[in-house]
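Working notes, structure below.
None of the figures in this text is laboratory data; all of them are computed from the coordinates on show. Owing to the predicted nature of the structure, the values given are computational and were not obtained by experimental measurement. Note: ideal-geometry Cβ built from the backbone for every residue, glycine included; neighbour counts use all protein chains shown.
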Amino acid sequence: MVGIGITIAIIAIILIVVMWVIQTYNRLVQLSERVKKALKDIDVQLQRRFDLIPNLVNTVKGYSKHEAEVLEKIAAYRSRYEGLSNDDVKEKSKMVSDMSRQISGIMVQLEAYPDLKANTNFLELQNELQSTEDKIAYSRQFYNDITTKYNMTIKMVPANIIATNFGFTEKDLFEVEEAEARKSVKVEF
């Protein structure tokens, strides 16, 4: 009788450990997928930005001498961004910051044209672009929140045991480099 009781206790302990491993693994997979989705959400907003810029440039034709140069820069950013690996968050962060500074500089320079500021299409595109910039900022914040939660989970005991054994690794945050963020924007038209 004692042998049966010990056997049942051992089986129960093994089942509890197996259930804990499965539950922890599933939670880590869920967090990892949420991180991936959050990064894709940033990509969606950046694609929207990439699509808006040519429309904005077409609207300002004639007001500025360098529309083609602006379009070329945007096309270069788009190509470079699309060529990046989804895991290369640091490089994506840098590109997004660079492009945001470029757009801010362009918008400041375009405000010098009173006729353009009265153009309804320009104002609508400017508002859409600002809305997109806000969505990008929110998406970055959400990505960083879920990534921080994921990173904390894989580092904390006892989940770190499962994370280490199943290859869950720390993810980079989507951040603005301090030195880059403080540089003044130089855009010439």
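Some observations on this one:
- Net +/- balance of residues flanking Tyr138 in space, Cβ distance below 12 Å, scoring K and R +1, D and E -1: -2
- Label of the coordinate-derived value, Rg and Dmax of the Cα atoms in Å, listed as [x] 18.2, 69; [y] 16.7, 52; [z] 24.5, 95: [z]
- Cβ-based charge dipole, the range 2-182, positive-most Cα from Gln45, Met107, Phe166: Phe166
- Ordering Asn58, Thr148, Thr24 by Cα displacement along the dipole of the chain toward the positive end leaves Thr24 in first place; charges were set at the Cβ atoms of Lys, Arg (+1) and Asp, Glu (-1).
- Size of charge dipole - the chain - debye, nearest 20, with Cβ of Lys, Arg +1 and Asp, Glu -1, no other charges: 440 debye
- Taking Cα atoms only, the orientation of helix 120-155 departs from the longest principal axis of the chain by about 20 degrees.
- Degrees between helix 2-59 axis and first principal axis of the chain (Cα, 0 to 90, nearest 10): 0 degrees
- Axis of helix 67-82 versus longest Cα principal axis of the chain: the two differ by about 10°, to the nearest ten degrees.
- Placing R0 at 45 angstrom, the Cβ-Cβ distance between Glu82 and Val21 gives a FRET efficiency of 0.70 after rounding to 0.05.
- The slack in the chain from Ala137 to Lys94, taken as 0.36 nm per residue of separation less the alpha-carbon distance, amounts to 14.1 nm.
- Relative contact order of the chain, defined on C-alpha pairs under 8 angstrom at six or more residues apart (%): 36 percent
- For the options Ile13, Ile42, Ile74, a Gaussian network treatment of the chain with springs between C-alpha atoms closer than 10 Å singles out Ile13 as fluctuating the most.
- Residue-span extension gain [Asp51 to Phe166] - 0.36 nm each, minus C-alpha spacing: 37.4 nm
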